[in-house]
Amino acid sequence: MSTVADERPQGTVPGTVPLGRALGPRIAAVVVLLAGAGLLVRAIGDAAQHGVTVDGPWLAPLIVTSGWVVLGATYLIQSWTAKAAAGERGERAPRASWFVPAALMAALVGYALVLEYTVVGYVPATAVFFVAAARLLGDRPWREVILRDAVVALALSLVIYVAFTRFLDIQLPAGVLPL
């Protein structure tokens, strides 16, 4: 009779994931859930005080914060079940990379600065930001997706610009394009 060697890291118990890697997503999920619950309680209080109507300003916060709580709870459940499933298979969680979130944050700050302090305007700045964000979040080669991303970014930026400026009467920076 042959035996299978135990390939788990020394000091771990079967069905568990190393503690340092298991806590991060769970803590984030709890924070998201608690923040959403707190905002939902506040939205319910404001709505009860002022009354909720379909065309009033108190319905949207109720919907958004309810969705936030549902997503936070879903994330918390997934973080527990994913860690348990990985632990049962004896897998270790992959290390998280902070490059993509940090680069997206830098791109977002740059986008805001371009909109506020330059004459570029909404459409070009948004199109460039969209392409940069799609590139950071995507894993396909640059040559395969650059044309698609650029076309979608330009079309989406134009549609949003026209919708806000023409239909909602909210002015966005026109910039260098005579729109």
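The values are calculated or read from the model by the stated rules, or taken from the named source; none is laboratory data. Every value quoted in this text rests on a predicted model; they were computed, and no experiment measured them. Positions of Cβ are generated from backbone atoms using ideal geometry, with glycine treated the same way; all protein chains shown enter the neighbour counts.
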Margin query: For segment 116-153, which positions are surrounded by 10 or more Cβ atoms within 10 Å (Cβ to Cβ), among the aromatic types (Phe, Trp, Tyr) and over 17 Å from residue 105 (Cα atoms)?
Written below: 122
Next item on the list: Starting from segment 28-56, keep only residues that are outside the structural domain of residue 73 (by TED's automatic domain parsing) and in a loop (DSSP other than H, G, I, E, B), then list their pairs with residues that are surrounded by 14 or more Cβ atoms within 10 Å (Cβ to Cβ) and modelled with pLDDT under 90 whose Cβ atoms are within a distance under 6 Å, requiring at least 6 positions of separation or different chains.
Entry: none
